[in-house]
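The values are calculated or read from the model by the stated rules, or taken from the named source; none is laboratory data. Just so we're clear, the structure is a prediction, and the values are computed from it rather than from any experiment. Glycine gets a Cβ as well: all are built from the backbone with ideal geometry, and neighbour counts include every protein chain shown. Just so you know, the surface numbers come from the protein's heavy atoms only, side chains and all, with ligands and any DNA or RNA stripped out. Shrake-Rupley method; radii C 1.70, N 1.55, O 1.52, S 1.80 Å.
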Amino acid sequence: MRDSPNIAVVVMDTARDSDVISSTAPTISELGEAGTRFSRAFSAAPWTLPSHGSMFTGCYPSKHGAYSGHEHLDGALPTLPELLGDAGYETFGVTNNTWITDEFGFGRGFEQLRKAWQLLPGDGNMLWEMVQVQDEENSQGLLERALSGNPIRNAVNAAYARFAYARRDSGADRTTDLIDDWLGGRNDDRPFFLFANCIEPHLEYEPAREYAETFLPDDVDYADATALEQDPWEYLVGNVNHSSEEFDVLRALYRAEIASLDDQVAELRDALVDAGEWEDTILVVVGDHGENIGDHGMMDHQYCLYDTLLHVPLVIHGPGFEDGGEVDDLTSLVDLAPTLLDAAGVDAPDAREEFQGHSVHPDADAESREELYAEYMKPQPTMAALERQVGELPEYVYRFDRSLRAVRTKEYKFIRGSDGTRELYHVAEDSAERSSLENERPEVATELEERLDEWLDSFERAETSEGVDISGAQREQLEELGYLQ
């Protein structure tokens, strides 16, 4: 065995809490049983960009500064791949989400960060424009830009994206192939850091038939199920309504997506075994945030800080985490970076000075945390973007035009909005967060609000006054995922 273990992190983009995993994902459940499962793991933010920023930097969004309005992870804080690379690790990543690319600051520290939708690696996301834009008016401009770069690569990538990528799933199969090829072609004695973002659980839910039919009600046809409207913004503004039975179908499709991704995790495990790396590898499987599927009157993963969006699966398997069982301590995804540095035996004292998380490695001497935090710094999409998408908004939608912060203990959770709203939930008894108790238990709300303010005063927040330019190609791809700019 090497002095330092390999580290592999698989992000299940938009995967809800471990209860969903336990009933749909046997491979991940087995990894948790043989390793360590963190049953009270929570994201620092409810959507991809800020949540990944927190996993990579060990800091909450208001400190690392990557969130709506400033969609870029700037270089003020070192990232986990940078720190491991500096310590002698080979670093390789595959992403299926356009937020997690060089263009948004997530390439730092990676020797390679492959975009799974590209057959031939290269800069930019022009291929998405070439695939998505069909009208004659825009075609000429796209052709000119394609010819001005690397026309052969662009043409190959556009054809691949249109006719091959995501034919079977949302890219996890392609991701596993890329990792398998990379492992098979390695000629390097260094330990490695491997990262993969897999987007299967993300809207739209489009599982293959063989997975969907395992979870769909017996009287629901696959074609009818996949024909259900899945636009979260049309639902939010009341242009689309779903019955409880239709939401049951959408939840079945969601579970089928996770089941298909679970099989790809098994493929990744097999690839590590075949490469002779399994025994030396710490494998992390984690959700970056959850999903509302009719919960709290919402779809997708925006505009709130309820546990449907924050409670995520977290399983760590491998050296140091064997037979750890279930850990029910409060755990934040900001804890991931210090934990993996401990696993790798990397000191990085300057970075640790900046961390807001603490290590949950079995050998760490950190005490169990009493509270953790979450932030939703600005609405995404903005009200203006929603208006462009769906037209005039009902008055009630404007209540989402706010930022949110939350603090939670094992018993209670307090949420405060920039509009002055305050919510308090006794999450130990009301895990669905149905009944706010801020009026019934004002002393608890006041105590938690004071703790929230003390925490905010304890660190310097990132300055992100300037917006980030998002190219037309990136904008197209993000809109495909439901992120309106």
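Does Lys413 satisfy being open to solvent by 70 Å² or more (accessible area, probe 1.4 Å) and touching a Phe, Trp or Tyr at 6+ places or on another chain (Cβ under 8 Å)? Against the criterion (open to solvent by 70 Å² or more (accessible area, probe 1.4 Å) and touching a Phe, Trp or Tyr at 6+ places or on another chain (Cβ under 8 Å)), Lys413 does not qualify.
Restricting Leu216, Leu228 to those that are open to solvent by 10 Å² or more (accessible area, probe 1.4 Å), modelled with pLDDT of 95 or more and closer than 12 Å to Ala256 by Cα reduces the list to Leu216.
In region 68-95, the residue that is farthest from Val407 (Cα to Cα) out of those that are modelled with pLDDT under 95 and either touching a Lys or Arg at 6+ places or on another chain (Cβ under 6 Å) or open to solvent by less than 10 Å² (accessible area, probe 1.4 Å) (or both) is Gly69. Looking at the structure I just gave you, is Ala364 of a type in the set (A, V, I, L, M), modelled with pLDDT under 95 and over 22 Å from the mean Cα position of the chain (by Cα)? It is true that Ala364 is of a type in the set (A, V, I, L, M), modelled with pLDDT under 95 and over 22 Å from the mean Cα position of the chain (by Cα).
The residues in region 278-299 that are under 16 Å from Val94 (Cβ atoms) and either outside any strand (DSSP E or B) or open to solvent by 10 Å² or more (accessible area, probe 1.4 Å) (or both) can be counted, and the count is 1. Residues in region 427-448: is at least one outside any loop (DSSP other than H, G, I, E, B), within 30 Å of Asp74 (Cα to Cα), modelled with pLDDT of 95 or more and open to solvent by 20 Å² or more (accessible area, probe 1.4 Å)? Looking for residues that are outside any loop (DSSP other than H, G, I, E, B), within 30 Å of Asp74 (Cα to Cα), modelled with pLDDT of 95 or more and open to solvent by 20 Å² or more (accessible area, probe 1.4 Å), one finds none in region 427-448, hence no.
The single residue among Val249, Val237, Val273 that is exposed (fewer than 15 other Cβ atoms within 10 Å of the Cβ), of a type in the set (A, V, I, L, M, F, W, C) and either at positive phi or at pLDDT 95 or above (or both) turns out to be Val273. Look at region 377-403: where a residue is free of Cβ contacts under 8 Å to residues at least 24 places away in the same chain and in a helix (DSSP H, G or I) and a partner is open to solvent by 60 Å² or more (accessible area, probe 1.4 Å) and among the charged types (D, E, K, R), sitting 6+ places away or on another chain with Cβ atoms under 7 Å, you get Met383/Asp401. Do the conditions hold for Arg37, that is, is it under 29 Å from Arg402 (Cβ atoms), surrounded by 20 or more Cβ atoms within 10 Å (Cβ to Cβ) and touching a residue at least 24 places away in the same chain (Cβ under 8 Å)? Here the answer is no, as Arg37 does not meet what is asked.
Exactly one residue out of Glu395, Glu387, Glu354, Glu370 is out of contact with any Asp or Glu (no Cβ under 9 Å at 6 or more places or on another chain), closer than 29 Å to Asp86 by Cα and open to solvent by 20 Å² or more (accessible area, probe 1.4 Å), and it is Glu354.
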